[in-house]
Amino acid sequence: MSLPRQQILTAISKARKASPKRNFEQTIELVINLRELDMKRPENRINLRVQLPNGIEGQKVLVFAGGDLALRARRSGADEVIEPTELNELAKDKKAAKKRLKDFDIFISEAPLMPTVGRVAGPILGPRGKMPTPVPSQAPVDNVIERERKAVVLRSRDKPFVHCMVGKESMTDEEVAQNIEAIISNLTSSTKRGFGNIKTMFIKTSMGEAVKLY
């Protein structure tokens, strides 16, 4: 089972109209409530990484890397790069580390730095579901950045719902609808009863009212 494209487009339009105007660009978000899944059982919890056909415009990428990988990450369009020297300084100041990381959406780390990154950034990024993706030092970081900018994580933890970004206000309704379809397809493919495990779905902007999709 899948939702008709027009049904999704209608809900996106209603969500835009139900959103107050802000002096910043809002995200468009999807909330899916699940049913008949015992989230106390780890095997029923949702933990998916979904590649969106249109990505989410404006997601900011931070890369933890040194040497050649740091140089290539900057050339490949990373918004910021934190090298080992700065990482070691942040390890001494939790408040500064939290402030340094708060404005980024996607995190990538050179694999050898992951133990330090985990110690410094783990307590900050873990609760946000944004732990860095490790990559080898010789990885084609341009491809990794492009891939990660198009990915979202669906994570339910022990609660029967998932909540994720599906777009930005500047994106067209069609682009957002295609992203929503990808999320629904991946989610229903990973649950025991597919669409039967979905109770309700809502679309909203970050500051707007929720509009029922299903």
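Quick check on segment 172-190. Is at least one of its residues acidic (Asp, Glu) and either at pLDDT below 95 or under 30 Å from ILE82 (Cβ atoms) (or both)?
Checking segment 172-190: not a single residue is acidic (Asp, Glu) and either at pLDDT below 95 or under 30 Å from ILE82 (Cβ atoms) (or both).
Return the residue satisfying two criteria in turn: it lies in segment 133-163 and is modelled with pLDDT under 95 and either in contact with a Pro (Cβ under 7 Å, 6 or more places away or on another chain) or surrounded by 21 or more Cβ atoms within 10 Å (Cβ to Cβ) (or both), and of such residues it is nearest to PHE202 (Cα to Cα).
VAL152
Which of the residues that make up segment 123-132 are surrounded by fewer than 16 Cβ atoms within 10 Å (Cβ to Cβ) and not in a loop (DSSP other than H, G, I, E, B)?
PRO123, GLY126, PRO127, ARG128
Quick check on PHE24: is it among the aromatic types (Phe, Trp, Tyr) and out of contact with any strand residue (DSSP E or B) (no Cβ under 9 Å at 6 or more places or on another chain)?
yes
Every residue, every condition in (1) in contact with a Phe, Trp or Tyr (Cβ under 7 Å, 6 or more places away or on another chain); (2) at pLDDT 95 or above; (3) not assigned by TED's automatic domain parsing to the domain that holds GLU169, yes or no:
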residue	(1), (2), (3)
LEU48	no, no, no
ARG72	no, yes, yes
GLU83	no, yes, yes
SER109	yes, yes, yes
PRO127	no, no, yes
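Check off (1) more than 29 Å from GLY122 (Cα to Cα); (2) small (Gly, Ala, Ser); (3) under 21 Å from the mean Cα position of the chain (by Cα) for SER19 and give me the number that stays unchecked.
Failing condition for SER19: (3).
Hey, among the residues in segment 134-175 that are among the aliphatic types (A, V, I, L, M) and part of a strand (DSSP E or B), which one's farthest from TYR214 (Cα to Cα)?
Here the residue is VAL135.
Looking at segment 63-115, which of the residues that are in contact (Cβ under 8 Å) with a residue 40 or more places away in the chain and β-branched (Val, Ile, Thr) is surrounded by the most Cβ atoms within 10 Å (Cβ to Cβ)?
Filtering segment 63-115 for residues that are in contact (Cβ under 8 Å) with a residue 40 or more places away in the chain and β-branched (Val, Ile, Thr), the one surrounded by the most Cβ atoms within 10 Å (Cβ to Cβ) comes out as VAL63.
Scan segment 1-48 for residues that are polar (S, T, N, Q) and in contact with a Ser or Thr (Cβ under 6 Å, 6 or more places away or on another chain) and jot them down.
Residues satisfying the conditions are SER19, GLN26, THR27, ASN33.
Report the residue count in segment 25-54 for those that are crowded, with 18+ Cβ neighbours inside 10 Å and among the acidic types (Asp, Glu).
Here the count works out to 1.
Does any residue in segment 157-177 that is of a type in the set (Phe, Trp, Tyr) come within less than 8 Å, Cβ to Cβ, of a residue that is surrounded by 19 or more Cβ atoms within 10 Å (Cβ to Cβ) six or more places away or on a different chain, and which pairs are these?
PHE161/ILE32; PHE161/LEU34
The values are calculated or read from the model by the stated rules, or taken from the named source; none is laboratory data. In this text, all values refer to a predicted model and were calculated from it rather than measured experimentally. Note that we place each Cβ from the backbone using ideal geometry, even for glycine, and neighbour counts take in every protein chain shown.
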